[in-house]
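Participant: Encoded as structure tokens, here's the structure I'll be asking about.
The values are calculated or read from the model by the stated rules, or taken from the named source; none is laboratory data. As the structure is a prediction and not an experimental result, all values here were calculated from the model. Counting neighbours? That spans all protein chains shown, and the Cβs are built from the backbone with ideal geometry, glycine included.
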Amino acid sequence: MLKQTLLFPLRVVAPLALVAIAAVPAAAQSDVPAAEAGWPQWRGPLATGTAPAGDPPSSWSETENVRWKTEIPGFGQASPIVWGDHVFVLTVIPAGPGDDSGNGFFSRLRRRFMGTVRSGDLLNFLVVALDRRDGSVVWERTAVTEQPHEGRHNTGSWASGSAVTDGEVLCAFFGSRGLYCYDMDGTPLWERDFGDMRIRMGFGEGASPALHDHAIVVVWDHEGQSFITALDKRTGAELWRTDRDESTSWSTPLVVEHAGRTQVVTSATDGVRGYDFETGELLWEGEGVTTNAIPSPVAAGGIAYLMSGYRGNRLYAVDLSVARGNISRGGAVVWSLDRDTPYVPSPVVHDGILYFTKSNSGVLSAYDAETGQNLYGPVRLSGIRDVYASPVIAAGRLYVTSRDGVTLVAKAGPEYEMLSMNRLDDGFDASPAVVGGEIYLRGRQYLYCIAADSTR
């Protein structure tokens, strides 16, 4: 196993001597299109949590099937994304003392009661590109150095939203710190400042942008004027903006092509909605999910699945060919559910089955994606307790990673069957990325590349 460490401040790390460099990544050798062979956004190439060309190991440990691990300084929960020979991660590291005013006794007491923290430091918001073969740093960029104006949840970070790429541009969204786009070599192309969010309860920001064709879509839901906007990916010019009557949400928008029309599907507390991708026109809307809407929508077979599970449970399966205007009537909602839905993790849909966990626990359910028939669950997952990471599927296997370092692998399909349980010496809040024969796990300290026949 090749172990790398990013220095502080970050510097490119030379590969260790006498260690064989891994083979050329499978994506570079495959006939599968690059967009499907990579992991260009946090829910994968299809935005469903599925890796159509993935076949990673089903078992590993610190001494088995770890090709490399690289220490990522600072604290970020952004999931890794992968394109070509590079893995991209976002992180935040201290850059010196900041303004410590407003940190009096009552402010500290309130944050303690609410479970939030603030930064008394200036922070460097970083974009890091690593080599897939050995985990060494190819390039790094400081997008911005600022002190956050608000706090974050004590289990969150100031780098929670994941980067997104299409092989032409790489965009990193740091919420109130701005949106930054680069070419694939790290050359800055443009940046955009949307102002400061006012987040409910000071819990921090976390939604990722969506990139499709010529535009990048950002949802800006907070306690002020919320909106959704699309920007030209090459220039940052605003293409359209539509106001939203919405409170804070952390859900990433989903771009779906269906029946010759491209739309943006959003999930939030006060409403679920679909917008025309080209114009921002509101196409349909319905009753929202629960408070603290975090899980992102997924879609397959012309049906979009929107859900949340804090202070209640709600799931809508929306037929996009029928959804027009108010979907509370007219048959657009083909099935719904009011139990066992996730709080933080997003669902995964694959081969006609929708999988999701209950709240943040290691309890799994599977439903027929078309009819809503329960196939199994809720099933208690052995060794899995607290979950933030979203499950992924590759090669007919379902991977569920817990916050304390355990990944359970189960057989995908209508019947539950556990295949293996794997543990690493790190904690995991970010969702896995799967490319070819590799699975990338971003822990609180290390980024792991898990691949077959890699031993220390």
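Participant: Among what's in region 108-132 and is modelled with pLDDT under 75 and surrounded by fewer than 16 Cβ atoms within 10 Å (Cβ to Cβ), pick the residue that is nearest to the chain's Cα centre (by Cα). Before you say what the answer is, go through the steps one by one.
Facilitator: Going residue by residue through region 108-132, those that are modelled with pLDDT under 75 are 108-116.
Then keep just the ones that are surrounded by fewer than 16 Cβ atoms within 10 Å (Cβ to Cβ); that gives 108-110, 112-115.
Values: R108: 30, L109: 31, R110: 29, R112: 27, F113: 28, M114: 24, G115: 22 Å.
Here the residue is G115.
Participant: Sort out which residues of region 149-181 are of a type in the set (S, T, N, Q), over 14 Å from D196 (Cβ atoms) and surrounded by fewer than 24 Cβ atoms within 10 Å (Cβ to Cβ), and write them in order of number. Step through it out loud before you land on a result.
Facilitator: Going through region 149-181, the residues of a type in the set (S, T, N, Q) turn out to be 154-155, 157, 160, 162, 165, 176.
Right, trim to over 14 Å from D196 (Cβ atoms) and you get 154-155, 157, 160, 162, 165.
Correct list: N154, T155, S157.
Participant: Further question: What residue, of Y275, Y316, Y305, is more than 26 Å from D368 (Cβ to Cβ), hydroxyl-bearing (S, T, Y) and crowded, with 22+ Cβ neighbours inside 10 Å? Spell out the reasoning first.
Facilitator: On the way: Y316 fails: more than 26 Å from D368 (Cβ to Cβ); Y305 fails: more than 26 Å from D368 (Cβ to Cβ).
After ruling out the rest, the residue left standing is Y275.
Participant: Output the residues belonging to region 278-302 that are buried (at least 18 other Cβ atoms within 10 Å of the Cβ) and within 15 Å of T229 (Cβ to Cβ).
Facilitator: Narrowing region 278-302 to residues buried (at least 18 other Cβ atoms within 10 Å of the Cβ): 280, 283-286, 288-290, 292-300.
G280, the sole residue that qualifies.
Participant: Sticking with this one: Considering each of A159, A172 in turn, give the residue that is closer than 26 Å to D232 by Cβ, at pLDDT below 95, out of contact with any helix residue (DSSP H, G or I) (no Cβ under 7 Å at 6 or more places or on another chain) and aliphatic (A, V, I, L, M). Write out each step before concluding.
Facilitator: On the way: A172 fails: at pLDDT below 95.
It is A159.
Participant: Among the candidates V379, V406, V400, V387, which residue alone is surrounded by fewer than 19 Cβ atoms within 10 Å (Cβ to Cβ) and free of Cβ contacts under 8 Å to residues at least 60 places away in the same chain?
Facilitator: Working: V406 fails: surrounded by fewer than 19 Cβ atoms within 10 Å (Cβ to Cβ); V400 fails: surrounded by fewer than 19 Cβ atoms within 10 Å (Cβ to Cβ); V387 fails: surrounded by fewer than 19 Cβ atoms within 10 Å (Cβ to Cβ).
After ruling out the rest, the residue left standing is V379.
Participant: Could you list, in sequence order, the residues of region 380-405 that are of a type in the set (K, R) and assigned to a loop (DSSP other than H, G, I, E, B)?
Facilitator: Step one: of region 380-405, the residues of a type in the set (K, R) are 380, 385, 397, 403.
If the condition is that a residue be of a type in the set (K, R) and assigned to a loop (DSSP other than H, G, I, E, B), then R385, R403 are the ones that fit.
Participant: Next question, about the same structure. Considering only region 234-245, state which residues are within 28 Å of G301 (Cα to Cα) and either buried (at least 22 other Cβ atoms within 10 Å of the Cβ) or within 23 Å of the chain's Cα centre (by Cα) (or both).
Facilitator: If the condition is that a residue be within 28 Å of G301 (Cα to Cα) and either buried (at least 22 other Cβ atoms within 10 Å of the Cβ) or within 23 Å of the chain's Cα centre (by Cα) (or both), then R244 is the only one that fits.
Participant: Has region 194-207 got any residue that is surrounded by fewer than 23 Cβ atoms within 10 Å (Cβ to Cβ) and assigned to a strand (DSSP E or B)?
Facilitator: no
Participant: Looking at region 136-151, can you tell me whether even one residue there is at pLDDT below 95, hydroxyl-bearing (S, T, Y) and more than 18 Å from F227 (Cβ to Cβ)?
Facilitator: For region 136-151, residues at pLDDT below 95, hydroxyl-bearing (S, T, Y) and more than 18 Å from F227 (Cβ to Cβ): absent.
Participant: Further question on the same structure: Could you figure out which of (1) in contact (Cβ under 8 Å) with a residue 12 or more places away in the chain; (2) out of contact with any Asp or Glu (no Cβ under 8 Å at 6 or more places or on another chain) isn't true of R261?
Facilitator: (2)
Participant: OK, next. If a residue counts only when it is more than 26 Å from E287 (Cβ to Cβ), which strands (runs of 3 or more DSSP E) contained entirely in region 212-267 have at least 2 such residues?
Facilitator: Numbers: elements: 215-220, 226-232, 238-244, 254-258, 261-266.
The qualifying strands (runs of 3 or more DSSP E) are 215-220, 226-232, 238-244.
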